[in-house]
1. Name, by its number, the condition in (1) over 24 Å from residue A:249 (Cα atoms); (2) within 14 Å of another protein chain (Cβ to nearest Cβ); (3) assigned to a helix (DSSP H, G or I) that does not hold for residue A:361.
2. Can you tell me which residue in the range B:68-89 is modelled with the lowest pLDDT, limited to those that are facing chain A (nearest Cβ under 10 Å) and not in a helix (DSSP H, G or I)?
3. Just to check your reading of the model, which residue among A:227, A:209, A:221, A:214 is in contact (Cβ under 8 Å) with a residue 60 or more places away in the chain and assigned by TED's automatic domain parsing to the domain that holds residue A:319?
4. Residues to consider are A:66, A:55; find the one that is buried (at least 18 other Cβ atoms within 10 Å of the Cβ), within 20 Å of residue A:184 (Cβ to Cβ) and under 37 Å from the mean Cα position of the chain (by Cα).
5. So which residues in the range B:208-219 are surrounded by 22 or more Cβ atoms within 10 Å (Cβ to Cβ) and under 26 Å from residue B:184 (Cβ atoms), if there are any at all?
6. Within the range A:357-391, work out how many residues are over 25 Å from the mean Cα position of the chain (by Cα) and basic (Lys, Arg).
7. How many residues are under 19 Å from residue B:306 (Cα atoms), outside any helix (DSSP H, G or I) and either facing another protein chain (nearest Cβ under 7 Å) or in contact with a Leu (Cβ under 7 Å, 6 or more places away or on another chain) (or both) if we restrict to the range A:114-140?
8. Looking at the range A:435-459 only, could you name the residues that are part of a helix (DSSP H, G or I) and touching a residue at least 40 places away in the same chain (Cβ under 8 Å)?
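The values are calculated or read from the model by the stated rules, or taken from the named source; none is laboratory data. Keep in mind the model is a prediction, meaning the values are calculated, not measured. Note that each Cβ is placed from the backbone with ideal geometry, even for glycine, and that neighbours are counted across all protein chains shown.
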2 protein chains.
Amino acid sequence: MNLNREETVKYLLIEKHIKKLIDTNKIEDGEKLPSIREMAEFLNVNKITVVNAYKRLQAEGYAAQKIGSGTYAKKRDINKNFSREYSKVLKKISSDEVKNYIDFTGETPSGEFFQISFFKSVLNEVLDRDGSSALICQESLGYDGLRNSISDVFWNGNIDKDDILIVSGAQQGIDVVSKAILNTNDTVIVEKPTYSGALSVFKWRRTEIIETPIEKDGINIDNLEKILKKNKVKCFYTMSYFQNPTGISYSNEKKRQILRLADIYDFYIIEDDYLSELIYDDSIKYSSFKSLDSSDRVVYIKSFSKIFLPGIRIGYLIPPKKFKESIQNSKINTDISTSSLMQRALDLYIRKGLWRSYINDLNVVYKRRYVYMKKCIDKYLKNQVEFVEPGGGLHFYLKINQNIVIDSIELFRKSKNRRVLITPGTLFYKVPSEGKKYFKIGFSHVDEKNIESGIQILSELIIM
Amino acid sequence: MNLNREETVKYLLIEKHIKKLIDTNKIEDGEKLPSIREMAEFLNVNKITVVNAYKRLQAEGYAAQKIGSGTYAKKRDINKNFSREYSKVLKKISSDEVKNYIDFTGETPSGEFFQISFFKSVLNEVLDRDGSSALICQESLGYDGLRNSISDVFWNGNIDKDDILIVSGAQQGIDVVSKAILNTNDTVIVEKPTYSGALSVFKWRRTEIIETPIEKDGINIDNLEKILKKNKVKCFYTMSYFQNPTGISYSNEKKRQILRLADIYDFYIIEDDYLSELIYDDSIKYSSFKSLDSSDRVVYIKSFSKIFLPGIRIGYLIPPKKFKESIQNSKINTDISTSSLMQRALDLYIRKGLWRSYINDLNVVYKRRYVYMKKCIDKYLKNQVEFVEPGGGLHFYLKINQNIVIDSIELFRKSKNRRVLITPGTLFYKVPSEGKKYFKIGFSHVDEKNIESGIQILSELIIM
C-alpha cells in the first residue's frame with residue numbers, strides 16, 4: 001500500500017486537474033467521471049493512482065460515489081446559467097423602468113405601507129439617547145436591549161436573552177450555522193423544492209444534499225425515515241410556515257414526528273422562520289419547531305428583513321446549547337457583529353409597539369391582495385395550473401398542467417417581453433429541470449388592478 | 001486495491017472517531033497521531049485501513065502529513081484557552097466599570113472625537129431624500145452612490161465603481177474572499193505574528209497556514225521565496241501599513257518584490273488596509289499593494305469600521321477580475337447585502353467632506369498620544385522592552401527583554417489586577433507560546449495622563 005513518491009505526485013496531479021475542470025465548468029455538476037479502468041488506461045497510470053485521486057476528490061467534496069454506478073462530479077454553484085439570466089433581468093429592470101412592469105417576483109413587503117417618519121423619529125431618539133456609542137459598540141451577541149425585546153415580545157420571556165444571537169439577516173444565519181456545524185461531505189436534508197439561497201450555502205460548503213419532497217402538511221415522514229436509516233444525517237433545513245416556494249405549512253403532528261426522529265437519529269433541525277407573521281387563514285395557528293422542541297434539537301433562524309425591511313439586514317437565531325459557542329464564534333469570524341445603530345433602532349421600534357402595528361397593517365392589505373390573487377388564478381388560470389392554498393405569506397406556487405407544453409423558463413422569457421415578471425420553479429431544485437413545470441407569483445409589489453392584468457397575460461401565454 | 005466492504009466501514013469509523021477526538025480537544029492541535037504501524041496494531045486492523053483513514057483526515061483538513069515525520073492533528077480553533085480568558089475579561093469589564101481601568105486593548109478610535117450631531121443630520125438628510133428605499137433596497141454590490149464616492153475620493157476615479165464590492169467590515173471581507181478562493185488544504189501564507197481574526201478564518205476553512213516572520217520593512221523575501229518553491233501557495237494575507245500587531249509598514253521595494261513573486265509563483269495577495277489613514281511620521285508615503293499591482297494579483301480589503309466607527313460595520317473590497325464573480329456570489333451567500341441606510345449615510349458623510357475632516361482631527365489627537373506614549377515607554381520601560389517605531393496607527397508592540405522572567409500572559413493577569421489592560425502577543429501566533437514575550441498597548445482609549453500612569457504600572461510589574 002505504500003505508494004512510491006512518483007505515484008503520489010501522479011495522483012495529486014490528476015486530482016488537481018479534475019478539480020480545475022470542475023471549477024471551470026469543463027466538467028458539469030453531476031457529470032459521471034470516466035471509470036477507474038478507462039481513466040487509468042487513458043492516462044497510462046496504475047488503477048490505484050486513479051482510485052487515490054478519486055478518493056481525494058470525494059473527501060474534498062468535488063465528487064460523490066454512487067454505489068455500483070461510478071463517481072460523479074460535484075460543483076459548488078448550482079443552476080448557474082439560468083439563475084444568472086434571471087438576476088440580470090431583475091437587476092436591469094429595477095435600475096430603469098420598473099414601474100412599467102408587473103413584478104410578481106417580489107419576496108418581501110414593498111415598503112409602500114411603511115411609515116418612514118416613525119422610523120426616522122425612532123432613529124433620532126436612539127442617537128439622542130446613546131450618542132456615539134450607537135455607532136461605536138460592537139456587541140458580539142448583539143445589542144442587549146434588542147435581545148431583551150426579542151425575548152419579551154416574541155417569546156414571552158421563555159428564551160433567555162443570552163441564548164439569542166443577532167445576525168445580519170436570515171441568509172447570514174444559515175451561513176453562520178453551516179460554518180459552525182457542517183463539514184465537507186456532511187449530509188443535509190432539504191425540502192424539495194427549497195429556498196435557493198440555502199441550497200447555495202450548503203453547496204458552497206460541499207455538503208451532501210438530499211432533497212425530500214414536500215406534501216400538503218410538510219415533508220413525507222416515511223421518506224424522511226428511509227433517508228435517515230441509510231445516511232448519517234447532520235441536519236434538516238426547513239421553512240415551517242409558508243415554505244418558499246411551495247407556500248406549505250407544517251402540521252403540528254408532522255413537526256412532532258420530525259422532532260422525535262431528530263432525537264432518535266441524532267440530527268438537528270435548522271428552522272428558517274421567514275414570514276410566519278402573515279397569516280390570513282384563521283385556522284392556521286402558529287407554533288414553531290423551536291416552541292415544540294424539548295430535546296434541544298432546533299436551530300431557530302428568524303429574519304426581520306423578509307417581513308419588515310430588507311435593507312435593514314437584521315435577524316436573530318437561537319442555537320441549541322450544544323452549538324451555542326461554536327455558532328457564536330462563527331458569527332464573530334464572519335463579520336464580528338451586526339450594525340449597532342440599526343439594532344438599537346429596531347429595538348425601540350419594537351418596544352414602542354410600532355412593529356406590531358406595522359405587521360397588523362400588512363396583514364390587512366396583504367390578505368386583501370392574497371384573496372384577490374387567488375380569485376384571479378381561479379378565474380383565468382383554472383384549467384392551466386394547480387396549486388395548494390398557502391393561507392398566508394406573500395406568494396402562490398403554481399404547477400402548469402402536464403398537458404400544456406410551455407415550461408416556466410419559456411414562460412419567464414415570454415412574460416418578461418409582455419412586462420410581467422415571474423419566478424420559474426427551476427431555481428428551487430438541486431436538479432433545475434425538475435422545477436420546469438412550476439412558477440411562483442408574489443403579490444407584495446403589485447396592486448389589485450395589476451394582479452388581474454398580470455394574471456390575464458400569463459393565462460394568454462400559457463394557453464398558446 | 002479494492003477494499004472489501006468491511007475494511008471500508010472500518011476506516012470510516014476510525015476516521016470519524018479521530019475527528020471527534022480532535023473536535024472535542026481530546027487530541028490537541030498539532031499533536032502527533034500514532035504511527036500507522038502502532039495504530040494498526042492497537043486497533044488490530046490492517047495497516048492499509050489506517051493509511052486510508054489518515055488520508056481522509058488529511059483530505060478533509062483534520063490532519064497534516066510532515067514528510068518523514070508522521071501525521072499531525074489540525075484543529076479549527078486556535079489558542080482557545082487563553083483567548084477565552086482574554087475575551088471574558090474584556091467583556092466583563094466593559095459591561096461594568098470600564099472607566100476605572102486604563103484600557104490599552106482598544107483597537108479602534110474611541111468615538112470621543114466623533115461629532116455625532118453631524119452624523120445625525122446626515123442620516124436625516126438621507127431619510128428625507130430617499131424615504132423608505134433607504135431601508136428597502138438590497139444592492140448586492142452595495143449602494144451605487146457609495147461605490148461612486150469610494151472611487152472618486154479614495155482612488156481618484158482609477159477604480160471602476162463596479163469593481164468595488166461593499167462588505168460589512170474587513171472581517172467579512174476576509175471571510176467572503178476565503179470562501180470564494182480557498183478550499184480545504186489550500187496553502188495560505190500569513191505574516192508572523194498576524195491578526196487573530198484572519199488566522200481564525202483560515203483555520204475555519206481548514207487551510208494550511210504557513211507563517212513567515214516580519215522584519216522592519218515587511219516579511220523576509222528570501223524566506224518567502226523558499227516557501228513558494230516548496231509549496232503551491234494560493235494566497236498571502238498581509239497588512240501593508242501599521243501591521244497588526246507589529247506596527248510595521250512595508251517598503252515599496254518589498255511590495256514590488258512580493259508582487260513580482262505573486263506573478264511568478266501564481267498566488268494572490270489579500271491586502272487588509274485597516275489603518276493607513278493615521279500616519280504621524282512624514283517620511284511614510286502611502287501606496288497600497290493594490291496601487292502598485294499591474295498583474296491583477298491583489299484582493300484589496302478596506303475597513304471603515306476600524307478607522308471610523310466600529311459599530312457601522314462597513315468596508316469594501318476590490319477583487320482581481322478573475323475572482324470578481326465568485327467573490328460577489330460569496331457575499332450574496334453570506335448575507336445578501338450590507339445595510340443600505342448605513343451605506344447611504346456613509347456616502348453622504350464622505351461627500352460632504354465630513355470624513356476627511358474627522359480623519360484630520362484624529363490624526364492631530366492621536367499623533368499627540370503616539371508621541372507621548374513613545375516618550376513614556378522610553379522613560380519607564382527603557383531597560384525592559386524593545387520595539388520598532390510604527391510611525392502611525394494606534395498602538396505599540398513591545399518585546400520583553402530576554403533576561404526578564406515575566407511573560408505577557410502573566411503580565412496581562414497581574415496588570416489587570418492593577419486595573420491596566422494589555423493584549424498579550426500570544427493571540428497573534430499559530431503557536432501561541434511564540435508570542436509570550438510580546439505585548440501590545442494601544443492609545444486610542446487612553447488620555448495622556450493615563451498613558452503615563454498605565455505605563456508606570458507596567459514597568460513596576462515587569463521589573464518584579
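1. Residue A:361 satisfies all of (1) over 24 Å from residue A:249 (Cα atoms); (2) within 14 Å of another protein chain (Cβ to nearest Cβ); (3) assigned to a helix (DSSP H, G or I) except (1).
2. It comes out as B:77.
3. Details: A:227 fails: in contact (Cβ under 8 Å) with a residue 60 or more places away in the chain; A:221 fails: in contact (Cβ under 8 Å) with a residue 60 or more places away in the chain; A:214 fails: in contact (Cβ under 8 Å) with a residue 60 or more places away in the chain.
Only one candidate qualifies: A:209.
4. On the way: A:66 fails: buried (at least 18 other Cβ atoms within 10 Å of the Cβ).
Answer to the selection: A:55.
5. B:219
6. Looking only at that region, the number is 4.
7. Of the residues in that region, 4 qualify.
8. Within the range A:435-459, the first condition is being part of a helix (DSSP H, G or I), and the residues that meet it are A:435, A:448-459.
Of everything in the range A:435-459, those that are part of a helix (DSSP H, G or I) and touching a residue at least 40 places away in the same chain (Cβ under 8 Å) turn out to be A:435, A:448, A:450, A:451, A:452, A:453, A:454, A:455, A:456, A:457, A:458, A:459.
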